[in-house]
Amino acid sequence: MALLPILQYPDERLHRVARPVTAVDDELRQLIKDMAETMYAAPGIGLAATQVDVLLRVIIVDSSPGHDQLMTFINPEIIKRSGVSDFEEGCLSVPGIYEKVPRAERITVRALDAGGQSFDLDADGLLAVCIQHEMDHLDGKVFVDYLSRLKQQRIAEKLRKQRRRTM
């Protein structure tokens with residue numbers, strides 16, 4: 001397994017749209033393992049393949065208290081939404097920034113698992129928010145895209161300053 005570099009906002013590659021996975025094979029399962037190692041090391045509760053510069057429709061999520069219930073979603077699609085929630089969200093690609101984003105409170109998502117089997121999952125609360133957040137990445141969206149232009153500019157400048165300090 002390997003730690004993968006996570007793209008940082010405002011990197012333009014975060015705005016590319018991922019393509020559907022056509023084969024669930026050993027190469028894809030290795031990517032999922034590497035993504036999991038990267039996510040847990042960061043530490044985070046979700047990661048999209050686009051965040052590690054792989055343009056495939058793959059996300060992983062583990063919002064469990066013990067961080068021991070990894071879920072893989074290949075070619076995910078939300079087939080049902082209800083309610084409104086506005087959790088404060090953070091992102092591994094936008095470190096140290098947290099903002100409220102309106103999301104569906106409950107969703108049903110359909111996807112393939114790491115074995116290539118189709119499944120439907122009903123999710124609510126943090127899990128629903130995390131799945132929606134990660135699926136946005138697959139469509140080239142970062143949670144700060146929901147914010148005003150002024151907030152986006154301030155966040156980008158704050159992150160540039162943080163990077164300069166760590167170099």
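Structure notes:
- Set of lysines with alpha-carbon distance to LYS80 below 25 Å, sequence-local pairs under 8 removed: LYS100, LYS141
- Mean Cβ neighbour count within 10 Å, used as a protection proxy, ranking 158-164, 141-147 highest first: 141-147, 158-164
- Between the stretch 133-149 and the stretch 1-54, the Cα center-to-center distance that results, in Å: 16 Å
- Overall form of the stretch 1-63 per C-alpha gyration tensor (a/c, 1.5; a/b vs b/c): oblate
- Longest to shortest principal axis, alpha-carbon extents of the stretch 35-125, angstrom: 34, 31, 28
- Given +1 at the Cβ of Lys and Arg, -1 at the Cβ of Asp and Glu and no other charges, the dipole of the stretch 1-42 around its Cα centre is 140 debye to the nearest 20.
- For the stretch 12-166, the calculated P(r), taken from all Cα-Cα distances in 5 Å bins from zero up to the bin holding the longest distance, is 2, 9, 18, 22, 22, 15, 8, 3, 1, 0 percent.
- Measuring spread by the Cα atoms of the stretch 103-167 yields a radius of gyration and Dmax of 16.4, 45 Å.
Taken together, the values in this text are just the output of simple stated rules run on the coordinates, not laboratory data. Keep in mind the model is a prediction, meaning the values are calculated, not measured. When we count neighbours, we look across all protein chains shown, and the Cβ atoms used for this are built from the backbone with ideal geometry, even at glycine.
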